[in-house]
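The values are calculated or read from the model by the stated rules, or taken from the named source; none is laboratory data. On a predicted model such as this, the values are computed, not experimentally measured, just so you know. Using ideal geometry, Cβ is built from the backbone for each residue, glycine included, and neighbour counts are taken over all protein chains shown. These accessible areas exclude ligands, DNA and RNA; they are computed on the full protein's heavy atoms, side chains included. Shrake-Rupley method; radii C 1.70, N 1.55, O 1.52, S 1.80 Å.
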Amino acid sequence: MNEQIKHYEDKLKYEMDSWDLSVALKNNENVIVIDARASNAYKYERVPNAINIPHKTMNIDTTKDLDKDAVYISYCDGIGCNASTKGALNMAKLGFQVKELIGGLDWWIRDGHETHGENARKSTGVSCAC
């Protein structure tokens, strides 16, 4: 039983869902959202105020000006994409506190949150209050 409890506690330490992210952003918590996809996907549609650092470009130079005290939330398209995992791994290796946004942009949109970019969507006002 203790092993299972630790498993779930670890998941919550390293993952976040769209509801928790929206609450953290509304509460002005020290979180910074990173879109780990290619820049063309970021330009098309993204979580509001996310910064774009494609996972393939994450290194000491591209992250040198980032706040080491913030918690970084890495995301990509969703469950069919692993750029968020690669981004979270890269950021952790660079010494940052990081969580992965489960479901990525797809679940962010499904939960009714607004997006920015060329294909920006307004909030539907319907959201999972998990």
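Key figures
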{"item": "Scan of segment 92-105 for residues that are in a loop (DSSP other than H, G, I, E, B) and either more than 15 Å from TYR14 (Cβ to Cβ) or open to solvent by less than 20 Å² (accessible area, probe 1.4 Å) (or both), ordered by number", "result": "LEU94, GLY95, PHE96, GLY103"}
{"item": "Within segment 63-91, considering residues that are small (Gly, Ala, Ser) and in contact with a helix residue (DSSP H, G or I) (Cβ under 9 Å, 6 or more places away or on another chain), the one most open to solvent (accessible area, probe 1.4 Å)", "result": "GLY80"}
{"item": "Top-ranked residue of segment 1-19 - restricted to ones that are in contact with a Leu (Cβ under 9 Å, 6 or more places away or on another chain) and outside any strand (DSSP E or B), ranked as least open to solvent (accessible area, probe 1.4 Å)", "result": "SER18"}
{"item": "Residues of segment 25-37 satisfying the condition of being of a type outside the set (Val, Ile, Thr) and touching a residue at least 24 places away in the same chain (Cβ under 8 Å)", "result": "LEU25, GLU29, ASN30, ASP35, ALA36, ARG37"}
{"item": "Residue in segment 45-53 that is at pLDDT 95 or above and over 12 Å from the mean Cα position of the chain (by Cα) present", "result": "yes"}
{"item": "All positions within segment 43-62 that are under 19 Å from ARG110 (Cα atoms), open to solvent by 30 Å² or more (accessible area, probe 1.4 Å) and of a type outside the set (Ser, Thr, Tyr)", "result": "ARG46, ASN49"}
{"item": "Failed condition for SER22, given (1) hydroxyl-bearing (Ser, Thr, Tyr); (2) open to solvent by less than 20 Å² (accessible area, probe 1.4 Å); (3) in contact with a strand residue (DSSP E or B) (Cβ under 7 Å, 6 or more places away or on another chain); (4) part of a helix (DSSP H, G or I)", "result": "(3)"}
{"item": "Search result, residues across segment 25-42 that are open to solvent by 50 Å² or more (accessible area, probe 1.4 Å), within 21 Å of ASN90 (Cβ to Cβ) and of a type outside the set (Ser, Thr, Tyr)", "result": "ASN30, ALA38, ASN40"}
{"item": "Answer from LYS86, LYS56, LYS68, LYS43 - the residue that is assigned to a helix (DSSP H, G or I) and in contact with a Gly (Cβ under 8 Å, 6 or more places away or on another chain)", "result": "LYS43"}
{"item": "Residue tally, condition part of a loop (DSSP other than H, G, I, E, B) and not hydrophobic (A, V, I, L, M, F, W, C), over segment 25-40", "result": "5"}
